[in-house]
Amino acid sequence: HVLSLKDTLVSLQNQGMQVLTRQVEPVVVPPLPEPPSPPPDIPPPGTRQTRVVTVEEQSQMHLSGDDAARVLDELKAKLAAGQGIELSLTWRLQRRETE
């Protein structure tokens, strides 16, 4: 029994090593097709198109707290006075540090 089992185990080990060392052909996966581009935005018939008109644009940098409040007050007044005026904001708060 022992010799037969040993021979079987050696045979199985050799077969396992052959499986592990066998070169496998790489699987080629074709690239996915490009998704179709979305259709252009076409408004339904009978609707009026609107466009955005820039009324004023400014950039001010390095404002103190008082200066920033003054600019915001001016913008608030322009928004209140203008019909259909909208405001777009981008800001950055910064601190100067010495190195």
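Got at least one residue in segment 36-44 being at positive phi and out of contact with any Pro (no Cβ under 9 Å at 6 or more places or on another chain)?
First pass over segment 36-44, keeping only residues at positive phi: none.
No, segment 36-44 has no match at all.
Scan segment 55-62 and tell me whether some residue there is modelled with pLDDT of 85 or more and either assigned to a helix (DSSP H, G or I) or among the hydrophobic types (A, V, I, L, M, F, W, C) (or both). Walk me through it before giving the result.
If we filter segment 55-62 for residues that are modelled with pLDDT of 85 or more, which is where we start, we get 55-62.
From the residues that got through so far, the ones that are either assigned to a helix (DSSP H, G or I) or among the hydrophobic types (A, V, I, L, M, F, W, C) (or both) too are 55, 61.
Looking through segment 55-62, at least one residue is modelled with pLDDT of 85 or more and either assigned to a helix (DSSP H, G or I) or among the hydrophobic types (A, V, I, L, M, F, W, C) (or both).
Here are Val71, Val19, Val24, Val28: which of them is loosely packed, with under 10 Cβ neighbours inside 10 Å, assigned to a helix (DSSP H, G or I) and β-branched (Val, Ile, Thr)?
After ruling out the rest, the residue left standing is Val19.
Answer yes or no as to whether Leu79 is free of Cβ contacts under 8 Å to residues at least 12 places away in the same chain, hydrophobic (A, V, I, L, M, F, W, C) and open to solvent by less than 100 Å² (accessible area, probe 1.4 Å).
yes
The values are calculated or read from the model by the stated rules, or taken from the named source; none is laboratory data. Quick caveat, the model's predicted, so the values are computed rather than measured. Note that we place each Cβ from the backbone using ideal geometry, even for glycine, and neighbour counts take in every protein chain shown. Ligands, DNA and RNA are stripped out before the accessible areas are found, and what is left, the full protein with its side chains, is counted by its heavy atoms. Shrake-Rupley method; radii C 1.70, N 1.55, O 1.52, S 1.80 Å.
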